Amino acid sequence: MRLIHCTQKLLKELKNPPLQNPDTPNPEGLGNWYANLLRIDRRKCILFTSEKTLYFFLISKVKKENLENIVDEFLFNLNMNLQAEGFSLEVINRVIAEYTEIGFAKTANRQVLGVMNDFAYAYEYDIARAGGLDMVRIVEVNKSVNRTPSSPLKYKYPIDMLKELLSGVQVPLPKIVKT
């Protein structure tokens, strides 16, 4: 089972109780994700972050229906962002197949949360610079943010870490310390 580690703010909106003491081994493939509820332009948005690669994508203008179908929203937007990044359908299908069973858990890694908070400001800035959520193509903002170096990745780009992981080449990923 893959996990989406949610902040307390998001768990309250989802109204799903998190798994108690989930088994969180470091799964093969893309692995587990983190999710946080943000407000940009007074609208709810969900920021997803890959625990292994720190790859980000934002779902904007989230409504109650989106929250009720959060797994479908996650998979649809993951698929859409991977396509926009130029991954082949074979790779995308392999990634999506990892997520046949998804559970929700509380956050467990403060370093990932810290990086998410830093990048939330990057999203706010890029969206404001483009004229707001109504004027921006969110996939393009996702691409831009993933081309920002990250210190936990030794100043590599999240998109490069994602490409290395999904290429099938055994590349040692930076160790993200769990706290």
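Of all residues in the range 121-139, those that are aromatic (Phe, Trp, Tyr) and either open to solvent by less than 50 Å² (accessible area, probe 1.4 Å) or outside any helix (DSSP H, G or I) (or both) total 1. Based on what the data block shows, is Asp118 assigned to a helix (DSSP H, G or I), under 18 Å from Ile46 (Cα atoms), free of Cβ contacts under 8 Å to residues at least 40 places away in the same chain and within 14 Å of the chain's Cα centre (by Cα)? The answer is yes for Asp118. For the range 61-84, taking the residues that are charged (D, E, K, R) and either assigned to a helix (DSSP H, G or I) or crowded, with 18+ Cβ neighbours inside 10 Å (or both), the one that is nearest to the chain's Cα centre (by Cα) is identified as Glu73.
For Lys44, the conditions (1) open to solvent by 70 Å² or more (accessible area, probe 1.4 Å); (2) among the charged types (D, E, K, R); (3) in a strand (DSSP E or B) all hold with the exception of (1). All of Leu113, Leu165 fail the test of being more than 30 Å from Pro17 (Cα to Cα), in a helix (DSSP H, G or I) and modelled with pLDDT under 95, apart from Leu165.
Considering the range 58-103, the residues that are in contact (Cβ under 8 Å) with a residue 24 or more places away in the chain and of a type in the set (Ser, Thr, Tyr) include one that is farthest from Lys9 (Cα to Cα), namely Tyr99. Taken over the range 1-17, the criterion of being surrounded by 16 or more Cβ atoms within 10 Å (Cβ to Cβ) and either hydroxyl-bearing (Ser, Thr, Tyr) or within 17 Å of Cys45 (Cβ to Cβ) (or both) is satisfied by Ile4, Cys6, Thr7, Leu10, Leu11, Glu13, Leu14. When Lys143, Lys154 are screened for being without any contact (Cβ under 8 Å) to a residue 40 or more places away in the chain and out of contact with any Leu (no Cβ under 9 Å at 6 or more places or on another chain), only Lys154 passes.
The values are calculated or read from the model by the stated rules, or taken from the named source; none is laboratory data. In this text, all values refer to a predicted model and were calculated from it rather than measured experimentally. Methodologically, a virtual Cβ is constructed for each residue, glycine included, from the backbone with ideal geometry; neighbour enumeration extends over all protein chains shown. For the accessible areas, the whole protein counts, side chains as well, though only heavy atoms, and no ligand, DNA or RNA atoms are used. Shrake-Rupley method; radii C 1.70, N 1.55, O 1.52, S 1.80 Å.
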